[in-house]
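Please read the structure below before turning to the comments.
Every read-out reported here was derived from the displayed coordinates using simple, explicitly stated rules and does not represent laboratory data. None of the values given here were measured: they were computed from a predicted structure. Backbone-built Cβ (ideal geometry, glycine too); neighbour counts: all protein chains shown.
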Amino acid sequence: MPERAKVTVKVMVKICGLVRAEDARHVADAGADLLGAILSPGFPRSVAPEHAREFTDPNGPPLVAVLVNEPPARAAALGRTAGAAVLQLHGDESPDTLEVLRDTGSWSLWKALRPRTPDDLRRDVERYAEHVDGFLLDGWHATERGGAGVCVAPELVAAARDGLPGGVLLALAGGLTPESVAEAVARAQPDLVDVSSGVEAALGRKDPVKVERFLRAARAGTSTPEVR
């Protein structure tokens, strides 16, 4: 058997729930890979797509549009207005909806999953795997679609990493903080970590120190998986 080499993989970091343009500028300057904004209305950190467009510039991190159960035409309109590079879907969107969105823009499509058991996770991955570019694994909450600060159970992290199809991004969210993210990265080996409330000074207001600490800790926890 050939000897395996170790390759260091840099984990990407997305700072989500951005509400203020000044926070987005600091997050970009601090080195985040992606910015996230909730474009569906009715959530504590929802923003208008016109405002979210102000978060980015052509040389900065791309924008991820977080959407919940939007009809495809409206989801596409929100994404286009905001200038989103990724549509991250947190509702009960069907695979057919994702295929419609695939044909309406050049964006990547991510599906957020909130499984309660490994069996739930396997069913969701099988249902959506052919239709998405990435899965975002979030902690399960009875009422919240995301941003509840609930950590993902370790057995679900392991099941996601083992069962994910090749070429599909795995993002880890849910309860991550500057204190916990390094261990989460080392354990789960995600492609990306996603944080919102874990780097806030108050709801909708990012803490610059926490943002910088989170970025450093996430990269410090980067694992070195063996490859042939």
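The largest-to-smallest principal axis extents of the Cα set in the range 1-105 are 52, 37, 25 Å.
Just in the range 84-124: which trypsin sites (Lys or Arg not before Pro) are loop by DSSP and have at most 14 other Cβ atoms within 10 Å?
Sparse-neighbourhood loop trypsin sites (Lys or Arg not before Pro): R116.
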